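Visitor: I'd like to ask some things about the structure below.
The values are calculated or read from the model by the stated rules, or taken from the named source; none is laboratory data. Keep in mind that this is a model prediction, so the values were computed, not measured. With ideal geometry, Cβ positions are generated from the backbone for all residues, glycine too; neighbour counts draw on all protein chains shown.
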Amino acid sequence: MTTDVKNVDFKQLAVSGVQGLHPYQPGKPIDELARELGLDEKDIVKLASNENPTGPSDKALAAVQQQFAELTRYPDGAGFDLKATLCEVLGKEGCNIRAEQITLGNGSSDILDFITRVFVNDGDNVVVSQHAFSIYGLDAKMAGGEALVAPAKDFGHDLDAMLALINDKTRIVFITNPNNPTGTWLNKQELLSFLDQVPTQVLVLLDEAYFEYVAEADYPNGIELVNQYPNLVVTRTFSKAYGLASLRVGFGISSPELADLLNRVRPPFNVNAFALAAAQATLLDNDYLANSVALNNAGMAYLTGEFTRLGLSYIPSVGNFISVKMPAGIDALAVNRGLLQAGVIVRPLANYDMAEYLRISIGSEKENQVFIRALESVLAEQTAAQVNA
Ligand SMILES: *Cc1c(COP(=O)(O)O)cnc(C)c1O
């Protein structure tokens, strides 16, 4: 066999789903902007990835510290202790879950990848909503499938439109509640009516990444429904309200049968020992969660008040982020560039079919103020440029 290394087109060799993929675009990292602008990292405010602005739980820090001595050891691949604590904590909230129903992920994105790899074959499809988290469609394409996108209703999921897209080739419907980046949410009655109509052989992945922030009375707890709907998988994460985005840990809850299938594609030791220990400690730290939620509520009230003062419209959000619309004639990407120059990182939403919007994660009191000041001056500059044009 002859090999002419220079002329190999490796893209041709990649599996077909991968050839057409565009990688997920995360929020710009703080150190990257600091390098570009020659700024100190401390002078940069990042409100782009829905991270918890409070810093980690002290209990999580202590648990991580304790793990240092065990650096030479593999983590517990079964995550026994974390699963036991999850069962206990969920049990107190009225969710009767057994350890066999839990799949641990390196972030909840891991579970989204697992469910797609288990169920989506070449030529299959998944149903997603317009303006939903882009990872769902990426995973499906990687598996050789496609994402059917249902138009949104008032920026939220239109469950009837999603039901209408289900066909013989549909394997999974992805529901995000509340949705990122819109912050819209579905109530219990809407969700139950949807679950009752989805054919049982079609899986429903209910992504509850922002569950802990929501206080609305008729917001459903998906985990309560898992024992009733055999096709339902609920995911949650430690990356947001629990403040552990760096460690990468999340989980799925489903029937034991589905959990068994998801665990078959789970790489061994996918969750490291620091993440396992920190997640367990944070779960038991009620004050941390209560503080994080209270800070978020105060920050949300401040930002929405300021948007109103500035005459900006926004999509009411129950998450730890809010999407705000730029005034007519003002380019959101130009505003984003202006904010970056001022050391403030937010998320432009052109990739989410919302080109006029910017998504702002709720930060600390100080970060929110820095952002508002920067936004006000960038908008003034942009408006002046518009007048002069
Ligand atoms: C942030 C987020 C996640 C969580 O990602 P991790 O992998 O757990 O960090 C999942 N779904 C949505 C919609 C998110 O916004």
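Visitor: Scan the range 187-204 and tell me whether some residue there is small (Gly, Ala, Ser) and touching a Pro at 6+ places or on another chain (Cβ under 8 Å).
Guide: No - not one qualifying residue is present in the range 187-204.
Visitor: Scan GLY319, GLY250 and give me the residue that is modelled with pLDDT of 95 or more, under 27 Å from LEU205 (Cβ atoms) and in the same structural domain as ASP81 (by TED's automatic domain parsing). Quick ask: steps written out before the conclusion?
Guide: Working: GLY319 fails: in the same structural domain as ASP81 (by TED's automatic domain parsing).
Only one candidate passes the filter, namely GLY250.
Visitor: Say we look at the range 1-38 and pick out the residues that are in a helix (DSSP H, G or I) and in the same structural domain as SER364 (by TED's automatic domain parsing); which of these is surrounded by the most Cβ atoms within 10 Å (Cβ to Cβ)?
Guide: LEU33
Visitor: Restricting the first residue to the range 101-130 and requiring it to be modelled with pLDDT under 95 and surrounded by fewer than 21 Cβ atoms within 10 Å (Cβ to Cβ), which pairs with a second residue that is among the polar types (S, T, N, Q) and assigned to a helix (DSSP H, G or I) meet a Cβ separation below 9 Å and a spacing of at least six or different chains?
Guide: Listed by first residue and then by second, the contacts come to ASP122/SER16.
Visitor: Any idea how many residues of the range 186-219 are closer than 21 Å to ASN50 by Cβ and not hydroxyl-bearing (Ser, Thr, Tyr)?
Guide: 11
Visitor: Another question, then. I'm trying to understand the selection: among the residues of the range 44-81, which are within 16 Å of the ligand (Cβ to nearest atom) and either more than 30 Å from LEU340 (Cβ to Cβ) or surrounded by fewer than 13 Cβ atoms within 10 Å (Cβ to Cβ) (or both)?
Guide: ALA60, GLY79
Visitor: Sticking with this one: ALA84 - would you say it is out of contact with any Cys (no Cβ under 6 Å at 6 or more places or on another chain), under 21 Å from ALA290 (Cα atoms), more than 13 Å from the ligand (Cβ to nearest atom) and of a type in the set (A, V, I, L, M)?
Guide: It is false that ALA84 is out of contact with any Cys (no Cβ under 6 Å at 6 or more places or on another chain), under 21 Å from ALA290 (Cα atoms), more than 13 Å from the ligand (Cβ to nearest atom) and of a type in the set (A, V, I, L, M).
Visitor: Here is a further query. Report those strands (runs of 3 or more DSSP E) wholly inside the range 194-291 carrying at least 1 residues which are of a type in the set (Lys, Arg), crowded, with 20+ Cβ neighbours inside 10 Å and touching a residue at least 12 places away in the same chain (Cβ under 8 Å).
Guide: The strands (runs of 3 or more DSSP E) meeting that bar are 232-237.
Visitor: Of the conditions (1) of a type outside the set (S, T, N, Q); (2) surrounded by fewer than 20 Cβ atoms within 10 Å (Cβ to Cβ); (3) more than 14 Å from the chain's Cα centre (by Cα), ILE135 clears all except one; give me its number.
Guide: The single condition ILE135 does not satisfy is (3).
Visitor: Also, quick follow-up: Output the residues belonging to the range 315-369 that are surrounded by 21 or more Cβ atoms within 10 Å (Cβ to Cβ), in a loop (DSSP other than H, G, I, E, B) and among the β-branched types (Val, Ile, Thr).
Guide: Of everything in the range 315-369, those that are surrounded by 21 or more Cβ atoms within 10 Å (Cβ to Cβ), in a loop (DSSP other than H, G, I, E, B) and among the β-branched types (Val, Ile, Thr) turn out to be VAL346, ILE362.
Visitor: Something else about it: Quickly run through the range 131-157 and pick out the residues that are within 12 Å of the ligand (Cβ to nearest atom) and touching a residue at least 40 places away in the same chain (Cβ under 8 Å).
Guide: Result: HIS131, ALA132, PHE133, SER134, ILE135, TYR136.
Visitor: Moving to a separate point now. How many residues does the range 42-57 contain that are free of Cβ contacts under 8 Å to residues at least 24 places away in the same chain and farther than 20 Å from ILE372 by Cβ?
Guide: 0
Visitor: Turning to a different aspect of this structure: Being exposed (fewer than 13 other Cβ atoms within 10 Å of the Cβ) and more than 15 Å from the ligand (Cβ to nearest atom) is the requirement here; does GLU41 meet it?
Guide: Here the answer is no, as GLU41 does not meet what is asked.
Visitor: Test each condition in (1) in a strand (DSSP E or B); (2) within 16 Å of the ligand (Cβ to nearest atom) for ARG171 and report the one that comes out false.
Guide: With (1) in a strand (DSSP E or B); (2) within 16 Å of the ligand (Cβ to nearest atom) applied to ARG171, the lone miss is (2).
Visitor: Would you check if there is a residue in the range 249-272 being within 16 Å of the ligand (Cβ to nearest atom) and touching a Cys at 6+ places or on another chain (Cβ under 7 Å)?
Guide: No, the range 249-272 has no match at all.
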